[in-house]
Structure formats: structure tokens, C-alpha cells
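Colleague: Got a structure for you, questions after.
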Amino acid sequence: MLIRSKAKSEPRSFEITSETQYLSRREWLKKAGILGGGLLAAPALSQAASNDWRDILRTKMQSSKQWPHKISDELTPYEDVISFNNFYEFGTGKNDPIQNSKDFKVDPWSVRIEGEVGKPGRYSLEDLFKSQTLEDRVYRFRCVEAWSMVVPWVGFPLADLLKRFEPTSKAKYVRFETMLDPKRFPAQRTARSTIDWPYVEGLRIDEAMHPLTLMVVGVYGKTLLPQNGAPLRLMVPWKYGFKSIKSIVKIELVEKQPINTWQQLAANEYGFYANVNPDVSHPRWSQARERRLPNSLWNPNWIPTQKFNGYEDQVASLYKGMNLEKLY
Amino acid sequence: MKKAQRIWLKVLVHLALVMPALWLVYLIVSQSLGTDPAEKVVRDLGFAGACILWLSLAMTPLKRLTQSSDWILFRRLLGLWSFTYLSLHLLAFLVFWAGLDVAIILEEVSERPYIIVGLSAWLLMVPLVFTSTRKARRQLGRRWVTLHKLVYLSALLGLLHIFWFSKLDFVQPIVFGVLLFVMFGLRFKGRAQRSK
């Protein structure tokens, strides 16, 4: 349950969106090509476009809701958000995802909902987001490798989606899977890959139902690019980035705690919870601080890492009584 | 090989070895290092330094394999160039990556064990650089050879450094490792044959 005491990140009266702020938001939407007509004109060119999930999504994005919880951190520019990625399905280098995803085709795409739910099934993308109200949310993104970004996502709470499928009382955890398709993901077909594909992530049901946990369908007012996890990804802002699984094709509600990919690869370095925690070091580096990107050669832009990535007020109660040093 | 040939060849090798540094300078000046420039500069300098160190270690085995002593002409200059790149690697870590912040440097060094290993590898190269002159070699005599065996230890520590910071993708450290052990193997084989 969300406790209604005023959280640090909640707006004080003078912080509530003023007209100039609203206009400046329109400004970046314009820059991102949403309003200027670039994308509005596009559907007119292709005839059967109106049924395409992208068009439905773009239309919905124009009436997206501004999330009231503002953070003062400066946004990481779009060019950095789309060119500096960890997405091992495309390769292990930070620039591999943008380079190796050029021919990536999202369609066809559907998501299977399985396990402890009343309404399992295979759902199309438009079916998943059509009844949702989209929100623009600026979140801090903290990678386990000690760098971070600040990203304006577009999405809707995972809780709203899960409730639709009527989880049963046995649904204690949510298990997610990324698309397994060596034709689309080059690293899934190389012998040198040590990952047992598909990529798997998981959340405890209360974490999944938390209002901060977001199903993301866009970034900077645009639909997601493949390197950012198109067409649908998770964003759990108080956890290290690897928890926020990309290009989801399966959501399974389960009774037992899932084993996520990084835990399976190196359980001593990456756990199930992976909450951002400056007090618990990674075995090979400190998590006490992070390099906020983009940075420059003369200024690495180190900043102290905050507990739960600055969302402590909202999420700390989920972990009451737990030893977070052991359950990293 | 004639003297003129030797000089030309050396000039060419020097030119080739300065190229990675020039390339990095170009990337810095044209601001095309990407989102995390410090990480890239540190990594690329370390990679160049390791490659050149491995090349320097290959000269003696190549001499034995090809039965031509010409390779030895390049051993010292390769060693010095690798030290140059690895020094720049260390400097880039301190200046670009850590921002010359003493608290960050101390904490990162204590929390990232592979930094200590890499630093030890670099420190072991320092006495080799100071005794790389012909004069020092003459003065030290047989002890020079013993002293310069430190380069093996330095390479082994370098290999450990590369393995330790690697995350999941171990192709690079495995390639360095296999090459190092092949080169070691050839040396020991050569020695065993000579002592027969």
C-alpha cells in the first residue's frame, strides 16, 4: 500500500506544473518530433496504418498525463539514451545495441500472460495498452556498473495491467521473459554467448504492484527503439537497471521466487532484489557513488548514490525487517 | 639486414605504434568518444598497451621459430611503447575516470581489486624501463637478464587484471591468456632444447 505521508519526491504546492513548465515539456515533445507534425503526417502516407499499434500508441501519447512527482535532476539527452545501452541480446558493448538493432523488426509481437491468473492468454500490444492511461514519468536510472541516467519514460503502472488478468492468491511473484529469437537478436545465435536465453527477470508481487513500477512503451515522447527494449519493457526505478527487463513477451505469475538471468550467471555478484544500495558494495566495485551520464573527459560527474535510488520514502516499507546486505 | 634497412623498419614500427594514440587524440578533438568518454579512453589505452606488451614478448619466440635474430631489434622499443601506453592508461584512469579526486581514487582502488593487480603489473615495469639502456645492460651483466624476467610476472598480473574486470564476455582475456601461454611454452621448449 502506498503510504500517503508526503514523500520527498512529491511536489510542494509551488512545484506543481506551471504553464511555463508545461510549455517546456511541449518543447521537448516537439523536439522529439511528436508534435511538429512529422509523425502525425506519417500515417497519412501509409494506407492501412490506422490499425497499427504504433499509431494507436502515438495518438495515446499525445494525451499522456504528466506525472506529478518531479525530480530536479537534469535529463540525459535522447542521443545518449538511445546509443549507450546494456542489451546483451545485441552484444556486450555499450554501442552494440544501436549498431546491431538497425534491422530489428518488432512485428509481429504479442505477450503471453500465464500462471496464477484468472485470465491467461496471448494478448496483442494494442490490447495491452488500449485501456491504460499513459503517463510521462522522469525516473533516475542506475546501472549496477555504477553509471546512471535520468530518462523521461512513457508508460503505465504494471499494477493496472496485472489486475486486469486477475492474479490468484497463489501469485506471489511475477516472472518476465524477453523475446527469444536468434533471427532478431544476433547475440542469441553466437556460440560465445554464456547466457542461457531467454533473459529472465522477476519481482515479488508487492514490488510488481507498487505504483512506481512502470510498464514502458515510450521514451522522450516516442515509441521505444529496439535498443531501449521495444516494444514493451519494465522500469523499476529503485532497482539496478538489469531488473528492468526489455522486449517482454511473457509475464507469468508464479508461486516460487524466479531465478533471474544475472543471479543465475553470478549469484555472488547479482541477487534477486538488486535494490540500489550505496552501503552494499558489488564484490568488484563500490556502489557508494555513480557517474551521471553524459559526462566529459574533464568531469566524470561523480555523484553519491542514494538508497533505493532516491525512492526510499516510497519503497523502503516493502523491505521492512529484511537484511538487505544478505538479500542484495 | 643492412643498417639503412634497419633504420627504415624501426621508423615504420614507431609510426605504427603511435597510431592508436593519434586515433584517440582525433576522437577526443572531434568529440566522438560517446556517452562515457573516460571509460573508453581508459579501456582503449589499456588494450593498446597490453597488445604491444604481448608483441614485445613474442619477439624472442619468433626469433627461435624463424631462426632470425632480426626480431630482437624491436623488443626494447615494443617494451617501451607498451609502458608508455600503460602509463597513459593509468594517467587517464586517475585524471579522466576518477577526476583526480583523492577520496574516489582511494575508494575505487580499495574496492576494485583488479586495479591493485593492474597497478602492480605497471610498477614491475618501472625498473625495466630504467634499465633499458645499453649502458645499464652492460653494467648489470648477467643480473640484467634475471631482472628483465620480471616482464613475465608483469604480463601474468596484466592477464589477471584483464580477466578480473571482464564481465561475462571472456573472449578477450581468453585470447590474451592463450597467446601468453603459447609464448611461455615456446620459451621453455627452446630452453630445454638448448640445455640438452
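Every read-out reported here was derived from the displayed coordinates using simple, explicitly stated rules and does not represent laboratory data. It should be emphasised that the depicted structure is a prediction, and the values quoted were computed from it without experimental measurement. Heads up, the Cβs are rebuilt from the backbone with ideal geometry, glycines too, and the neighbour counts pull from every protein chain shown.
Colleague: Which residue out of A:Leu324, A:Leu293, A:Leu234 is within 11 Å of chain B (Cβ to nearest Cβ), crowded, with 16+ Cβ neighbours inside 10 Å and hydrophobic (A, V, I, L, M, F, W, C)? Steps first, please.
Modeller: On the way: A:Leu324 fails: within 11 Å of chain B (Cβ to nearest Cβ); A:Leu234 fails: within 11 Å of chain B (Cβ to nearest Cβ).
When all the criteria are applied, what remains is A:Leu293.
Colleague: Are any residues in the stretch B:142-175 among the hydrophobic types (A, V, I, L, M, F, W, C) and touching a Phe, Trp or Tyr at 6+ places or on another chain (Cβ under 7 Å), and if so, which ones? Working first, answer last.
Modeller: Here is the first cut: in the stretch B:142-175, the residues among the hydrophobic types (A, V, I, L, M, F, W, C) are B:144-145, B:147, B:150-151, B:153, B:155-157, B:159-160, B:162-165, B:168, B:170-171, B:174-175.
Matches in the stretch B:142-175: B:Leu159, B:Ile162, B:Trp164, B:Phe165.
Colleague: Another question, if that's okay. Would you confirm, using the coordinates I've provided, whether B:Arg137 is over 27 Å from B:Pro20 (Cα atoms), in contact with a Phe, Trp or Tyr (Cβ under 7 Å, 6 or more places away or on another chain), without any contact (Cβ under 8 Å) to a residue 40 or more places away in the chain and assigned to a helix (DSSP H, G or I)? Spell out the reasoning first.
Modeller: Numbers: over 27 Å from B:Pro20 (Cα atoms): yes; in contact with a Phe, Trp or Tyr (Cβ under 7 Å, 6 or more places away or on another chain): yes; without any contact (Cβ under 8 Å) to a residue 40 or more places away in the chain: yes; assigned to a helix (DSSP H, G or I): yes.
Here the answer is yes, as B:Arg137 does meet what is asked.
Colleague: Can you tell me how many residues within the stretch B:153-172 are under 30 Å from A:Ala187 (Cβ atoms), under 14 Å from the mean Cα position of the chain (by Cα) and either of a type outside the set (A, V, I, L, M, F, W, C) or outside any helix (DSSP H, G or I) (or both)?
Modeller: Here is the first cut: in the stretch B:153-172, the residues under 30 Å from A:Ala187 (Cβ atoms) are B:158-172.
Now drop any that are not under 14 Å from the mean Cα position of the chain (by Cα), which leaves B:158-162.
The next check asks that each one be either of a type outside the set (A, V, I, L, M, F, W, C) or outside any helix (DSSP H, G or I) (or both); those that pass are B:158, B:161.
So the answer is 2.
Colleague: Quick one: in the stretch A:52-77, which of the residues that are within 14 Å of chain B (Cβ to nearest Cβ) and surrounded by fewer than 18 Cβ atoms within 10 Å (Cβ to Cβ) is farthest from A:Pro186 (Cα to Cα)?
Modeller: In this case the residue turns out to be A:Leu75.
Colleague: Scan the stretch A:99-114 and give yes if some residue there is within 13 Å of another protein chain (Cβ to nearest Cβ), more than 20 Å from the chain's Cα centre (by Cα), closer than 27 Å to A:Pro186 by Cβ and surrounded by fewer than 14 Cβ atoms within 10 Å (Cβ to Cβ), otherwise no. Break it down into steps so the answer makes sense when it comes.
Modeller: Taking the stretch A:99-114 and keeping what is within 13 Å of another protein chain (Cβ to nearest Cβ), we get A:99.
Subset that is more than 20 Å from the chain's Cα centre (by Cα): A:99.
Those left that are additionally closer than 27 Å to A:Pro186 by Cβ: A:99.
Imposing the further condition that a residue be surrounded by fewer than 14 Cβ atoms within 10 Å (Cβ to Cβ) reduces the set to A:99.
The answer is yes, given that some residue of the stretch A:99-114 is within 13 Å of another protein chain (Cβ to nearest Cβ), more than 20 Å from the chain's Cα centre (by Cα), closer than 27 Å to A:Pro186 by Cβ and surrounded by fewer than 14 Cβ atoms within 10 Å (Cβ to Cβ).
Colleague: In this structure, is A:Arg122 in contact with a Ser or Thr (Cβ under 7 Å, 6 or more places away or on another chain) and surrounded by 15 or more Cβ atoms within 10 Å (Cβ to Cβ)? Break it down into steps so the answer makes sense when it comes.
Modeller: Working: in contact with a Ser or Thr (Cβ under 7 Å, 6 or more places away or on another chain): yes; surrounded by 15 or more Cβ atoms within 10 Å (Cβ to Cβ): no.
When the stated conditions are applied, A:Arg122 does not pass them.
Colleague: Do we have any residue at all in the stretch A:141-150 that's buried (at least 21 other Cβ atoms within 10 Å of the Cβ) and farther than 15 Å from A:Met235 by Cβ?
Modeller: Scanning the stretch A:141-150 turns up at least one residue that is buried (at least 21 other Cβ atoms within 10 Å of the Cβ) and farther than 15 Å from A:Met235 by Cβ.
Colleague: Residues that are without any contact (Cβ under 8 Å) to a residue 12 or more places away in the chain and closer than 13 Å to A:Ile245 by Cβ: find the strands (runs of 3 or more DSSP E) completely inside the stretch A:162-234 holding 1 or more of those. Show your work before the answer.
Modeller: On the way: elements: A:173-178, A:200-204, A:214-219.
Strands (runs of 3 or more DSSP E) meeting the threshold: none at all.
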